[in-house]
Amino acid sequence: MTNRLTKIYTRTGDKGTTSLANGSKVNKDHPRIETLGDTDELNCLLGVLIAELSAQEPLRKLLVQCQNDLFDLGGELAVADPDYQVISAALIADMEQQIDDLNSRLPPLKEFILPGGNRTAALCHQARSVCRRAERRIVELARQEKVNQEAARYLNRLSDLLFVAARILACQDGGEEVLWQPRKPA
C-alpha cells in the first residue's frame with residue numbers, strides 16, 4: 001500500500017461516485033464496484049467462517065489463503081487495467097488439486113445436500129452462495145469491459161472448494177450432511 005490512510009472519511013463519495021485505483025471515477029453502482037462489493041462481502045464472510053474454526057482446523061490455513069487471493073482479486077478490479085493480473089491459471093490449477101485432495105476424503109455424493117449440518121458448514125455454504133454471486137457479477141462486468149478471465153474461473157473454483165469444505169465441516173465430530181428430502185408430486 002503506497003499511501004496509508006490518515007483520514008478515513010473523505011466526503012468525495014457523497015455524490016454517488018467513487019475512485020478506482022487508477023484514478024478514474026465511476027458511479028457507486030457501476031458493475032465494477034458491484035463486483036468489488038460482492039468480492040469484499042465474500043471475503044468478510046470467509047473471515048466470519050474462519051473465526052468459527054479452531055486454530056488446529058486444517059481448512060483454516062486454506063481459507064485464509066483464499067481471503068488473501070480475494071484481496072488480490074479486489075486489487076485487480078480496483079486497478080481496472082487488463083494488463084494488471086494477479087489471479088493466474090497456475091493459482092486455479094493449484095486450487096483444483098486442493099479440491100481433489102479434499103474431495104477424496106469424502107464419501108461419494110449420491111444425493112443433493114442442503115446447507116447446514118452445523119454452524120461452520122452452514123457458514124461455508126453461505127460463503128459459497130455469495131461466491132457464486134460474485135462470479136455472476138464478474139461475468140457481467142466482462143461483457144462491458146476487459147477483465148482477467150482467470151478471475152471468473154477463480155471464483156468458479158472457489159465456490160467448488162467451498163462446497164467441498166462445507167461437506168467436510170458438516171461431517172466433523174460425528175456430524176452429518178443434511179440431505180434434501182423432496183416432496184412427492186401431488
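The values are calculated or read from the model by the stated rules, or taken from the named source; none is laboratory data. Keep in mind that what you see is a predicted model, and the values were worked out from it rather than measured. Note that we place each Cβ from the backbone using ideal geometry, even for glycine, and neighbour counts take in every protein chain shown. Surface accessibility is based on the protein's heavy atoms, side chains included, excluding ligands, DNA and RNA. Shrake-Rupley method; radii C 1.70, N 1.55, O 1.52, S 1.80 Å.
Just a few scattered comments:
- The lone exception for I138 - which of (1) under 24 Å from G74 (Cα atoms); (2) touching a helix residue (DSSP H, G or I) at 6+ places or on another chain (Cβ under 8 Å); (3) open to solvent by 80 Å² or more (accessible area, probe 1.4 Å) it fails: (3)
- Residues of segment 164-186 that are free of Cβ contacts under 8 Å to residues at least 60 places away in the same chain and either among the β-branched types (V, I, T) or surrounded by 20 or more Cβ atoms within 10 Å (Cβ to Cβ) (or both): A166, A170.
- Taking the criterion of being open to solvent by less than 10 Å² (accessible area, probe 1.4 Å) and either in contact (Cβ under 8 Å) with a residue 40 or more places away in the chain or of a type outside the set (S, T, N, Q) (or both), the residues of segment 150-163 that qualify are A151, Y154, L155, L158, L161, L162.
- All of V147, V130 fail the test of being crowded, with 17+ Cβ neighbours inside 10 Å, outside any helix (DSSP H, G or I) and touching a residue at least 40 places away in the same chain (Cβ under 8 Å), apart from V147.
- Residue count, segment 76-106 (criterion: open to solvent by less than 30 Å² (accessible area, probe 1.4 Å), assigned to a helix (DSSP H, G or I) and within 12 Å of Y154 (Cα to Cα)): 2
- Pairs with Cβ under 7 Å, 6+ apart, first in segment 9-26 and at positive phi, second surrounded by 11 or more Cβ atoms within 10 Å (Cβ to Cβ) and part of a strand (DSSP E or B): G16/N27
- Selected residue (only one of L36, L62, L73 is more than 22 Å from F163 (Cβ to Cβ), aliphatic (A, V, I, L, M) and modelled with pLDDT of 95 or more): L36
- Top-ranked residue in segment 130-174 [being among the basic types (K, R) and at pLDDT 95 or above; ranked as farthest from the chain's Cα centre (by Cα)]: R143
- Residue among L63, L59, L73 that is under 29 Å from E145 (Cβ atoms) and either touching a strand residue (DSSP E or B) at 6+ places or on another chain (Cβ under 9 Å) or surrounded by 15 or more Cβ atoms within 10 Å (Cβ to Cβ) (or both): L73
- So L62, is it in a helix (DSSP H, G or I), in contact (Cβ under 8 Å) with a residue 12 or more places away in the chain and more than 22 Å from R133 (Cβ to Cβ): no
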